[in-house]
Amino acid sequence: MKRIQYLFLSFFSLGLVMFAIVLQQVGYQGVSFMPCPLCVLQRVGYLGIAFSCLLAACITPFRKLFHGLAILAAGYGAAVAGHHVWLLSHPSESCGIDPLETWINQFQLANNLPWLFKADGLCSAKLPAILGLQVPEWSLLWFTVLLLILLITFFRKS
């Protein structure tokens with residue numbers, strides 16, 4: 001991949017995180033989208049893709065290494081988003097207070113950047129759909145697209 005393509009993937013991933021923060025702060029259809037623990041973990045996946053692609057664009061000798069790390073971040077994010085989508089279709093599987101929430105909120109990042117990393121929502125909460133899909137479904141879609149792009153370009157000859 002070229003430098004500009006890595007930069008595009010990096011900014012696209014950051015844009016998705018910024019959109020999630022806007023949903024959290026401003027809301028949609030009068031509903032505030034408070035992030036659940038799985039939402040926070042998905043943000044970590046998008047930030048992993050963003051930083052790995054940014055490093056791949058800037059440090060040419062280690063481009064393949066950072067590309068591989070971006071693939072791992074996208075696979076991780078897709079797995080978390082897939083589990084989140086599964087929880088939405090099986091709401092009885094989610095309890096009221098998730099032990100994962102307590103664990104995530106104890107991290108220093110959650111204390112220093114609560115607007116980005118503090119988990120306050122329920123994973124099985126049904127929020128208003130955006131263009132027909134729930135936020136975790138959109139997240140799974142974008143993680144899958146990013147993973148496919150990264151995998152195809154990783155194995156393609158330059």
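The values are calculated or read from the model by the stated rules, or taken from the named source; none is laboratory data. Predicted model, so just to flag it, every value in this text is computed and none were measured. With ideal geometry, Cβ positions are generated from the backbone for all residues, glycine too; neighbour counts draw on all protein chains shown.
Within segment 73-88, not a single residue is under 13 Å from Tyr6 (Cα atoms), part of a helix (DSSP H, G or I) and in contact (Cβ under 8 Å) with a residue 12 or more places away in the chain. Residues to consider are Leu69, Leu55, Leu47; find the one that is within 14 Å of the chain's Cα centre (by Cα) and in a helix (DSSP H, G or I). Only one candidate passes the filter, namely Leu47.
Scanning segment 1-34 for residues that are part of a strand (DSSP E or B) and surrounded by 14 or more Cβ atoms within 10 Å (Cβ to Cβ) gives a single hit, Tyr28.
Within segment 67-114, count every residue that is at pLDDT below 85 and surrounded by 12 or more Cβ atoms within 10 Å (Cβ to Cβ).
Adding up the residues that qualify gives 12.
Within segment 95-111, identify whether any single residue is within 20 Å of Ser139 (Cα to Cα) and without any contact (Cβ under 8 Å) to a residue 40 or more places away in the chain, and answer yes or no. The answer is no; no qualifying residue exists.
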